[in-house]
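Undergrad: Pasting a structure below so you can have a look.
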Amino acid sequence: MTGRPLAAIAAVAVAGAALAWIGMGDLGENLVYYWSPSELVAAGAKAHGATIRLGGQVEAGTVDWNPDTNQLKFVVTDGQEHIKVASVGAPPQMFREGIGVVVEGTIKDGQFATDRVMVKHSNEYRAPEDGEKPDIVTLSEDGP
Amino acid sequence: MISILGRTLVLAALAFAAAGAVTGFAAGASHSPRGYAVTRACAVGFGVSSILANLLMIYALVTHDFSVHYVAEVGSRATPLYYTIISLWASLNGSILFWAGVLGLYVVALAVGYANKHREYMPYTLAVLQSVCVFFALLVASIANPFAPVSPVPLDGPGPNPLLQNHWLMAFHPPTLYIGYVGMVVPFAMGCGALLAGRLEAGWIAPLRRWTLVPWAFLTVAIMLGGWWSYEVLGWGGYWAWDPVENASFMPWLACTAFLHSAMVVERRGTLKTWSLVLLLSTFLLTLVGTFMTRSGVFNSVHSFTQSDIGPVFLGFIAVCLVWSVGLLALREHTLVGAPSRGSVKPVSRETMILAQNVAFTVFTLMVLLGTIYPLMKEAYDGTRLSVGEPFFEKWALPLGTVIVFLMGVGPALPWGGADGAAGTRRLAAPVAGGLLVPAIAYATGLHGPASLLALGVSAFALVSAVRELVEPVLARRAAKGESLGQATVKVITRTHRRVGAHIAHLGVIMTTVALALSAGYQQSVDVTVKKGDTFELAGFVATFTGAVEIQEPHRSAVGAEFTLTRDGASVGTSSPRLNYYPRMREPVGTPAVYSTPSGDLYLSLMQVAPGGASASVRVLWTPAVVWLWVGVVIMSLGGLLSAVPSPRRRAAPVVAPAPGAAT
């Protein structure tokens, strides 16, 4: 190919420019921060508009689920700070007071708005400890 | 007993690989036929030992021999036989052993299949290949030893990770991925061999491309199977989330696809040699980076099994391979000989389109790499824990994907060397017409998303171009030779299968693109909580909740919600999403119920069942055209395999300019 160096230089320049644009431009706008309630409060104004993965415990006595509107409200705490969470959708099966959760969303009107509630679990696979019962809910046990 | 036998096999594999690597380099330098014969014998020895070690581990799993460490780790008497066998890749040490086994298959295939071919660079190739084998055999023999004895012998084990025994696809996604991933080591070794041998005749890259197409085809399907598994098991209704482990499989695929195209320029024009090798060596390095990301536990996922020491060791190996690749290219690049240059190239030519395609694929690869490793670098730098969100990837994947599909339509329409302005315009007229007409029709029928219309437009453009490339030779042959349409089709496929395969792969890309655009752009979802007898509606379906059921199986229990489905008033069956409880997992693993139709999938994911089964909460999604995504990727892969079949006529011929238009 005649003019090969020219074509190659052009190709490298295009690739480099595109990457610089990608890297500088909007990587920063699309970050998801992993924060605890304390870190969220400490972040202050920086937290507004950012996508946040908030991890903590569901505070006892705060769970309010309305099956008709599919609105789920609860408070996530790490023992120090308390964040009100408003969620859309049914709670996951294992969702309950005191359990660890991760919610992904943004701060909206002073609340943490999310449509993704995940019950936190360790991916690490471990054998149950002595006396530990597998956490199985059966229909007959809890039946009416 | 099995521990000792397994250890012996692993050590034998290590010894064979080490001996083969040494004799291979020596035979490459001295051109000794005897040395080459020993190298090939060692390669076969490594392959047989590592394959036997895998079979032995399967035997230990099936017979529940809990005196073997790996069986005690992932085995369980309650696990069904099917999932017991595939437990071979359910945890770290087994998966490394399986890796060595797949490596063994490739090494044997190359040592036996290419015994008398490419004698200039085969000794070096086998030497590099077996050096990689040494690394994996060392891993299996040391920190990832699955055969370590266990004492006292437990009576039973915990069974594999519940997520991995929840769907039959788990038997297919990992092996196809391994065949794809591990297979990239073969073209890597051949590339290194070509550089080490030096001064090869122009045809050196053709076998290299063929050996790349096979793992490419498997990797293509494996990525799709991973997405399909995620869709069928994880319950969120999507198939791709730009998760680090997904990106890990996607990056080598991108680099490899770029190489498959640039290699054609090397064959035809003798240029882009160094660049093609950069892509090829990068592909292999990216498979190592991907393995590191998925296996070391730096990213939390179903692929990171437990904390292990394997991360730093892998990083070390990546560093060695990187230094080796860069050093080899820098020192030996000048020895590559290309096809003689044949005249000048016009700016609008197939070569420049392939160059543009390469730029797009490279930017795509680096964009995914940046988004994937940025969180790691940021955490190492200042301890901030974060991830790069999907919008970043989507924002860049859309324009890059559009450019790639567009170029896929332009490239084949242009001749090698370039067309003058008028001829080029004529060739592009029909595709452009298709590319404008289809979005117009789609708009008229109610599709208004700009991204989807754009995707449909470039897809139609590329479709017209690819179909013409497939149909024109058949019609020309029929006219010239007076054959029937069927005869001409068969002759064209058998005589130019490499070219036909490429265009079939392109058709697969087009189908995939359309399915991606429709499924991502027109998904509908609703979250509902229903009492017994309640109904809900979505996308023309009406579902009635008929009650909850409790299911007991030996290895798990489950609750299911039963729904009857009607579509446009007619009954179409039942849907039973369920939540499975495994004894050693705290939270349930879902099995969404997917009702697939050619126009789309109705997807029910059970969120929870109220005590007593009085009510159930489900997330319901309607995803258009998603079936065609799986089908399109399979077509892409089959096209690649067709293109990889060696052509008997071509092999005998000296490597000179093929007839114009005979190959893509």
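The values are calculated or read from the model by the stated rules, or taken from the named source; none is laboratory data. Quick caveat, the model's predicted, so the values are computed rather than measured. Because the Cβ atoms are built from the backbone with ideal geometry, glycine has one as well, and the counts that use them run over all protein chains shown.
Undergrad: Kindly provide the set of residues from the range B:226-246 that are part of a helix (DSSP H, G or I), buried (at least 22 other Cβ atoms within 10 Å of the Cβ) and touching a helix residue (DSSP H, G or I) at 6+ places or on another chain (Cβ under 6 Å), ordered by number.
TA: Hits for the range B:226-246 are B:GLY226, B:TRP229, B:PRO244.
Undergrad: So which residues in the range A:93-103 are touching a Gly at 6+ places or on another chain (Cβ under 9 Å), away from chain B (no Cβ under 12 Å) and not β-branched (Val, Ile, Thr), if there are any at all?
TA: A:GLU97
Undergrad: Then there is this: Name every residue in the range B:560-600 that is without any contact (Cβ under 8 Å) to a residue 60 or more places away in the chain, in a strand (DSSP E or B) and either within 14 Å of chain A (Cβ to nearest Cβ) or buried (at least 21 other Cβ atoms within 10 Å of the Cβ) (or both), in order of residue number.
TA: Passing the criteria: B:GLY560, B:ALA561, B:GLU562, B:PHE563, B:SER575, B:ARG578, B:LEU579, B:TYR581, B:ALA593.
Undergrad: Restricting the first residue to the range B:627-641 and requiring it to be at pLDDT 95 or above, which pairs with a second residue that is of a type in the set (D, E, K, R) meet a Cβ separation below 8 Å and a spacing of at least six or different chains?
TA: Partner pairs satisfying both residue conditions: B:VAL627/B:ASP601.
Undergrad: Return the residue satisfying two criteria in turn: it lies in the range A:107-116 and is outside any loop (DSSP other than H, G, I, E, B) and modelled with pLDDT under 85, and of such residues it is nearest to the chain's Cα centre (by Cα).
TA: The extreme case among them is A:ARG116.
Undergrad: Please pick out the residue among B:LEU56, B:LEU129, B:LEU105 that is buried (at least 23 other Cβ atoms within 10 Å of the Cβ) and out of contact with any Lys or Arg (no Cβ under 9 Å at 6 or more places or on another chain).
TA: Among B:LEU56, B:LEU129, B:LEU105, only B:LEU129 is buried (at least 23 other Cβ atoms within 10 Å of the Cβ) and out of contact with any Lys or Arg (no Cβ under 9 Å at 6 or more places or on another chain).
Residue-wise test of (1) over 26 Å from the mean Cα position of the chain (by Cα); (2) acidic (Asp, Glu); (3) closer than 21 Å to B:THR8 by Cβ.
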site	(1), (2), (3)
B:CYS42	yes, no, yes
B:ASN54	no, no, yes
B:VAL62	yes, no, yes
B:ASP65	yes, yes, yes
B:HIS69	yes, no, yes
B:ALA78	yes, no, no
B:THR84	no, no, no
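Undergrad: Among the residues of the range B:531-553, is there at least one that is within 13 Å of chain A (Cβ to nearest Cβ) and in contact with a Pro (Cβ under 7 Å, 6 or more places away or on another chain)?
TA: Scanning the range B:531-553 turns up no residue that is within 13 Å of chain A (Cβ to nearest Cβ) and in contact with a Pro (Cβ under 7 Å, 6 or more places away or on another chain).
Undergrad: Where residues in the range B:601-638 are within 12 Å of B:GLY237 (Cβ to Cβ) and of a type in the set (S, T, N, Q), which of them is surrounded by the fewest Cβ atoms within 10 Å (Cβ to Cβ)?
TA: B:SER605
Undergrad: Related question: Is there any pair linking a residue in the range A:57-72 that is in contact (Cβ under 8 Å) with a residue 12 or more places away in the chain and at positive phi to one that is in a strand (DSSP E or B) and of a type outside the set (Val, Ile, Thr), with Cβ under 8 Å and at least six apart or on different chains, and which?
TA: Going by the 8 Å Cβ cut-off, the qualifying pairs are A:ASN70/B:ASP527.
Undergrad: Here is a follow-up. Could you tell me whether the range B:441-458 includes any residue that is under 23 Å from the mean Cα position of the chain (by Cα), in a helix (DSSP H, G or I) and over 27 Å from B:ARG350 (Cβ atoms)?
TA: no
Undergrad: Here are the criteria: (1) closer than 30 Å to A:LEU40 by Cβ; (2) in contact (Cβ under 8 Å) with a residue 40 or more places away in the chain; (3) crowded, with 16+ Cβ neighbours inside 10 Å. Tell me which single one B:TRP396 does not satisfy.
TA: Against the list (1) closer than 30 Å to A:LEU40 by Cβ; (2) in contact (Cβ under 8 Å) with a residue 40 or more places away in the chain; (3) crowded, with 16+ Cβ neighbours inside 10 Å, B:TRP396 comes up short only on (2).
Undergrad: Just for the range B:357-383: of the residues that are more than 8 Å from chain A (Cβ to nearest Cβ) and closer than 30 Å to B:LEU428 by Cα, which one is surrounded by the most Cβ atoms within 10 Å (Cβ to Cβ)?
TA: Per the criteria, the residue is B:PHE361.
Undergrad: Within the range B:384-442, can you find the residues that are within 14 Å of another protein chain (Cβ to nearest Cβ), of a type in the set (Val, Ile, Thr) and more than 25 Å from B:ALA520 (Cα to Cα)?
TA: Across the range B:384-442, the qualifying residue is only B:THR384.
Residue-wise test of (1) within 9 Å of chain B (Cβ to nearest Cβ); (2) at pLDDT 85 or above; (3) surrounded by 15 or more Cβ atoms within 10 Å (Cβ to Cβ); (4) under 29 Å from B:VAL549 (Cα atoms).
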site	(1), (2), (3), (4)
A:LEU54	no, yes, yes, no
A:GLY105	no, yes, yes, no
A:GLU129	no, no, no, no
A:GLY143	yes, no, no, yes
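Undergrad: Hey, another quick one. Tell me, which residue of the range A:26-52 that is farther than 24 Å from B:ALA241 by Cα and buried (at least 19 other Cβ atoms within 10 Å of the Cβ) is farthest from the other protein chains (Cβ to nearest Cβ)?
TA: It comes out as A:PRO37.
Undergrad: How many of the residues in the range B:268-281 are in contact with a Gly (Cβ under 8 Å, 6 or more places away or on another chain) and surrounded by fewer than 24 Cβ atoms within 10 Å (Cβ to Cβ)?
TA: 3
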